[in-house]
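Inspection log for the structure reproduced underneath, given as structure tokens.
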Amino acid sequence: MKKIIILFTLSIVLISCNSSDKNQSIDTLIASKDVKAITAKKAELQSQLNQLEDVLATLDVNKGTVALVSVVQLKDTLFNHYLEIQGSINTNENVLVQPEFPGNLVELNVKAGQKVTKGQVLGRTDDGGMSQQLASAENQYALAKTTFERQKNLWKQKIGSEIQYLQAQTQMISAQKGVAQIKAQIAKTVIRAPFSGTIDEVFVEKGEVVAASQQGLMRIVNLGNMYVSTSIPETYIGKLKIGTEVDVYLTSLDKTYKGKVRQIGNFINPNNRSFGIEVSVPNPENLLRPNQVAKLKVIDYVSPNAVVVPTNVIQQDSQKKSFVYTVTNSNGKTGIAKKVIITTGQSSDNVTEVLSGLEANAIIVTEGMNTISDGMKLNF
């Protein structure tokens, strides 16, 4: 009976395709060179072809074919959608050490690869004779201090004038400031580590004349405070917050690190409508390096009890509707294929959330779905 109905339907479609009362001759259309009419005719024929394909698929069902497929039973699961974006590894403790005082480099105490601590003396430049100036200034200060103390004792005994006492005090203070100023200048000849880290490169040799205008004496890097910097589209404002977990994948290492958003920018770049973020990344093995390329996966959507299916099992019919094949009348080894129209949500990690059409515990076909049709007997 089914075959009779199907053949009858196919005949109707074929007659519809060949009807001369309602459809203009294709040859006539081509001769008219009416592009709009030809395009309309093409769309009409395509629709009829889709109908024929659906009918032929139904005919295959009724041949009694049994298909071998793989299936899986769905369960409620946690579904996370990620924003995937590229960034680069950085550290705030990556600097070129510059000399504060120009002159001859008389000391160089470190080499590349050496670990140093904050404040450690890395080198020293010649003070240009300021040590002698300091000695002279200290003598002047000592004399001014002695003069002031004597004048102070006399003033207490009401001997001498107040102006003499004040002048002696002023001279002593001035000499004291002169000594402090020279000491501050000499201190600039000492080159110290601004933070604890590792000397990555040394660009000078002992005895060279150095100045603050050159590229730097050496590079010092601390790999213990690494982060990834990148830009996020402005549509994600409000979806991110300080502490949001982020997966950081390093292509060069083939490793994934768990990071956290530590800073969110307050400025929207008008050129690309994005804002900057920083993601702190642990570096226990010291494998991370500044300027490494990182791929970030930022969670921007969470569904705690979602029904998800492998993205590759979702198909589209001639009407552009998404569907999957489920299994009905299953006894654990066999069943009947059923085409189910679904509404899909977001996709991530090769799975897609199903918003409607499927429920937990449904059995879906995961392999062989391209060779079956609605109503076909299945073995699995």
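Observations
- Within the stretch 192-206, the residues that satisfy the criterion of being part of a loop (DSSP other than H, G, I, E, B) and in contact with a Leu (Cβ under 8 Å, 6 or more places away or on another chain) are 193, 203, 204, 205, 206.
- Only one of the listed residues (206, 152) is touching a residue at least 12 places away in the same chain (Cβ under 8 Å) and within 30 Å of residue 92 (Cβ to Cβ). That residue is 206.
- Top-ranked residue in the stretch 201-220 [being crowded, with 17+ Cβ neighbours inside 10 Å and modelled with pLDDT of 90 or more; ranked as farthest from residue 111 (Cα to Cα)]: 210
- Test: residue in the stretch 263-278 that is within 18 Å of residue 93 (Cβ to Cβ), modelled with pLDDT of 90 or more and of a type in the set (Gly, Ala, Ser): no
- Listed by first and then second residue, the pairs linking a residue in the stretch 96-107 that is under 9 Å from residue 124 (Cα atoms) to a residue that is modelled with pLDDT under 90 and exposed (fewer than 15 other Cβ atoms within 10 Å of the Cβ), with Cβ atoms under 7 Å apart and 6 or more places separating them unless they lie on different chains, are 99/211; 99/212.
- Only a single criterion out of (1) surrounded by fewer than 17 Cβ atoms within 10 Å (Cβ to Cβ); (2) in contact with a Leu (Cβ under 8 Å, 6 or more places away or on another chain); (3) among the hydroxyl-bearing types (Ser, Thr, Tyr) is not satisfied by residue 303, namely (1).
- Qualifying residue in the stretch 112-124 (condition: surrounded by 17 or more Cβ atoms within 10 Å (Cβ to Cβ), of a type outside the set (A, V, I, L, M) and touching a Leu at 6+ places or on another chain (Cβ under 8 Å)): yes
- Hey, residue 366 surrounded by fewer than 15 Cβ atoms within 10 Å (Cβ to Cβ) and under 38 Å from the mean Cα position of the chain (by Cα) or not: no
- Taken together, the residues in the stretch 28-39 that are part of a helix (DSSP H, G or I) and surrounded by 13 or more Cβ atoms within 10 Å (Cβ to Cβ) amount to 3.
- The strands (runs of 3 or more DSSP E) falling completely within the stretch 262-380 that include 2 or more residues that are closer than 26 Å to residue 84 by Cβ map to 274-281, 293-306, 308-310, 322-328, 343-348, 351-356.
The values are calculated or read from the model by the stated rules, or taken from the named source; none is laboratory data. Everything quoted here is computed from the prediction, not taken from an experiment. Note: ideal-geometry Cβ built from the backbone for every residue, glycine included; neighbour counts use all protein chains shown.
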